[in-house]
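The values are calculated or read from the model by the stated rules, or taken from the named source; none is laboratory data. All figures in this text were calculated on a predicted structure; none of them were measured in a lab. Here the Cβ is made from the backbone with ideal geometry for all residues, glycine too, and neighbour counts use every protein chain on show. Surface accessibility is based on the protein's heavy atoms, side chains included, excluding ligands, DNA and RNA. Shrake-Rupley method; radii C 1.70, N 1.55, O 1.52, S 1.80 Å.
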Amino acid sequence: QEAIAQIRDAYPGHDVEVAEDGQGGARVVVHGLALDAKYAPDTSWVGFTVGFQYPAADVYPHFVRADLARANGQPLGEAMTAGHSWNGGPAIQVSRRSNRWDRNADTAAIKLTKVLEWIKSR
């Protein structure tokens, strides 16, 4: 619940969809997130699971809309793979594991911000 509250606080004005995952965690989807003009479309939802081990475990992986592409027609590149599903629909997986996850400093909201910054920087 704390992770969800932090996500809502970090992304005011965005629809944050939450569903129990049946294992003590939650599936989260944050809608309408701006990416960058180098992507088409330039907005996406981002989905991820806050697992039952949280905050002792990383929030990984993240997923974005399946039709996301580079505006210049080039491939999305490393760590972004199509052909996955998220919440019952097609998705692209964004693999950005935090090998040094620190339960005292890292949060699901911070991880989402880092994933978005990484996507925008590519």
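Conditions (1) more than 22 Å from residue 32 (Cβ to Cβ); (2) touching a residue at least 12 places away in the same chain (Cβ under 8 Å); (3) touching a Ser or Thr at 6+ places or on another chain (Cβ under 8 Å), marked per residue:
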{"residue": "50", "(1), (2), (3)": "no, yes, no"}
{"residue": "56", "(1), (2), (3)": "yes, yes, no"}
{"residue": "60", "(1), (2), (3)": "yes, yes, yes"}
{"residue": "66", "(1), (2), (3)": "no, yes, no"}
{"residue": "72", "(1), (2), (3)": "yes, yes, no"}
{"residue": "79", "(1), (2), (3)": "yes, yes, yes"}
{"residue": "83", "(1), (2), (3)": "yes, no, no"}
{"residue": "86", "(1), (2), (3)": "no, yes, no"}
{"residue": "90", "(1), (2), (3)": "no, yes, no"}
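Restricting attention to the range 20-48, report how many residues are more than 19 Å from residue 111 (Cβ to Cβ) and of a type in the set (A, V, I, L, M, F, W, C).
Matching residues across the range 20-48 total 2.
Could you check residue 30 against (1) among the aliphatic types (A, V, I, L, M); (2) touching a Leu at 6+ places or on another chain (Cβ under 7 Å); (3) open to solvent by 30 Å² or more (accessible area, probe 1.4 Å) and say which number it fails?
(3)
For the range 58-91, give me each residue that is small (Gly, Ala, Ser) and not in a loop (DSSP other than H, G, I, E, B). Working first, answer last.
Keep residues of the range 58-91 that are small (Gly, Ala, Ser), which gives 66, 69, 71, 73, 77, 79, 82-83, 85, 88-89, 91.
Those that are small (Gly, Ala, Ser) and not in a loop (DSSP other than H, G, I, E, B): 69, 82, 83, 85, 89, 91.
Could you list all residues from the range 94-113 that are surrounded by 14 or more Cβ atoms within 10 Å (Cβ to Cβ), charged (D, E, K, R) and under 25 Å from residue 75 (Cβ atoms)?
Passing the criteria: 96, 111.
Among the listed residues 77, 22, identify the single one that is at pLDDT below 95 and open to solvent by 60 Å² or more (accessible area, probe 1.4 Å). Don't jump to the end; show me each part of the working.
Numbers: 77 fails: open to solvent by 60 Å² or more (accessible area, probe 1.4 Å).
On inspection, the qualifying residue turns out to be 22.
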